[in-house]
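Contents: one structure, followed by commentary.
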Amino acid sequence: MALGATIHTFAVQLADVDRGIYEDLKLRVARHPSETAAYMVTRLLAYCLEFEEGIVFSEGISLADEPAVLVRDLTGKLTVWIEIGAPDAARLHHASKLAERTTIYTHRDPTKVRAAWAGERIHQASDIVLHYFDPTFIDQVVTAVERRNVMTLSITERDMYLDLNGASFSTSIFGVPVA
């Protein structure tokens, strides 16, 4: 019998000063048994950092033709494709053709992630940004994750301040073009 997803709930107070977004969010994040905690945390942070009307978590690994997080406009058109981790070049090429904007958030070494795309054909690669955090940040945050979580997230001048279940973390948010 296959194991089901573990549901984590997050009560998030989001204050993104850089974009003028202040929201209280109630999120249910399903973590598939094959998904690492680092991937789930990165997916959650990407959702918060990209928050706008129409953002949703996708069905995840059950739908290989959708990203982990996406944004659709009111007509249902895919406007933002948000990848997590280290997607391959073919997936980015496909995504960039489907969505108005494609972006990536990774919990892995960004140098190694970018190296995998060297010499590969990626549609509008210079418009795709790979976002990453200080090297140990995600691993530290993972230690504070529980099934039910209370989280305060503040972003100002691309610095992120996170309080998760009483533990405090901070990092800069870095971004480099894919090509």
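The values are calculated or read from the model by the stated rules, or taken from the named source; none is laboratory data. Small disclaimer: the values here were computed from a predicted structure and weren't measured. Please note: Cβ atoms are built from the backbone with ideal geometry, for glycine as well, and neighbour counts cover all protein chains shown.
Could you please find all residues in the stretch 91-112 being hydrophobic (A, V, I, L, M, F, W, C), touching a residue at least 24 places away in the same chain (Cβ under 8 Å) and either surrounded by fewer than 21 Cβ atoms within 10 Å (Cβ to Cβ) or part of a loop (DSSP other than H, G, I, E, B) (or both)?
If the condition is that a residue be hydrophobic (A, V, I, L, M, F, W, C), touching a residue at least 24 places away in the same chain (Cβ under 8 Å) and either surrounded by fewer than 21 Cβ atoms within 10 Å (Cβ to Cβ) or part of a loop (DSSP other than H, G, I, E, B) (or both), then ALA99 is the only one that fits.
Quick check: is even one residue across the stretch 4-11 at pLDDT 95 or above, out of contact with any Gly (no Cβ under 8 Å at 6 or more places or on another chain), surrounded by 14 or more Cβ atoms within 10 Å (Cβ to Cβ) and within 20 Å of VAL80 (Cα to Cα)?
Scanning the stretch 4-11 turns up no residue that is at pLDDT 95 or above, out of contact with any Gly (no Cβ under 8 Å at 6 or more places or on another chain), surrounded by 14 or more Cβ atoms within 10 Å (Cβ to Cβ) and within 20 Å of VAL80 (Cα to Cα).
In the set LEU74, LEU27, which member is more than 23 Å from GLN124 (Cβ to Cβ), in a loop (DSSP other than H, G, I, E, B) and not polar (S, T, N, Q)?
After ruling out the rest, the residue left standing is LEU74.
Pairs needed: first member in the stretch 129-154, closer than 19 Å to ALA86 by Cβ and among the hydroxyl-bearing types (Ser, Thr, Tyr); second member anywhere, surrounded by fewer than 16 Cβ atoms within 10 Å (Cβ to Cβ) and at pLDDT 95 or above; C-beta distance under 7 Å; at least 6 residues apart or different chains.
Hits for this filter: TYR132/PHE174.
Output the residues belonging to the stretch 131-175 that are surrounded by fewer than 13 Cβ atoms within 10 Å (Cβ to Cβ), farther than 19 Å from GLU23 by Cβ and among the β-branched types (Val, Ile, Thr).
Within the stretch 131-175, THR136, THR143 meet the criteria.
Can you list residue pairs whose Cβ atoms sit under 9 Å apart, with the first residue in the stretch 34-46 being without any contact (Cβ under 8 Å) to a residue 40 or more places away in the chain and the second being assigned to a helix (DSSP H, G or I) and crowded, with 23+ Cβ neighbours inside 10 Å? Count only pairs 6 or more apart in sequence or on different chains.
Going by the 9 Å Cβ cut-off, the qualifying pairs are GLU35/ARG43.
Among the strands (runs of 3 or more DSSP E) confined wholly to the stretch 127-179, which include 1 or more residues that are more than 18 Å from GLU50 (Cα to Cα)?
148-156, 159-164, 167-177
In the stretch 155-169, which residues are over 15 Å from GLN13 (Cα atoms) and without any contact (Cβ under 8 Å) to a residue 24 or more places away in the chain?
Listed by number, the list holds a single entry, ASP159.
Take THR42 and decide whether it is among the β-branched types (Val, Ile, Thr), assigned to a helix (DSSP H, G or I), surrounded by 11 or more Cβ atoms within 10 Å (Cβ to Cβ) and within 17 Å of the chain's Cα centre (by Cα).
yes
Name the residues in the stretch 1-39 that are more than 14 Å from the chain's Cα centre (by Cα), under 22 Å from HIS131 (Cβ atoms) and among the basic types (Lys, Arg), would you?
The one that is more than 14 Å from the chain's Cα centre (by Cα), under 22 Å from HIS131 (Cβ atoms) and among the basic types (Lys, Arg): ARG19.
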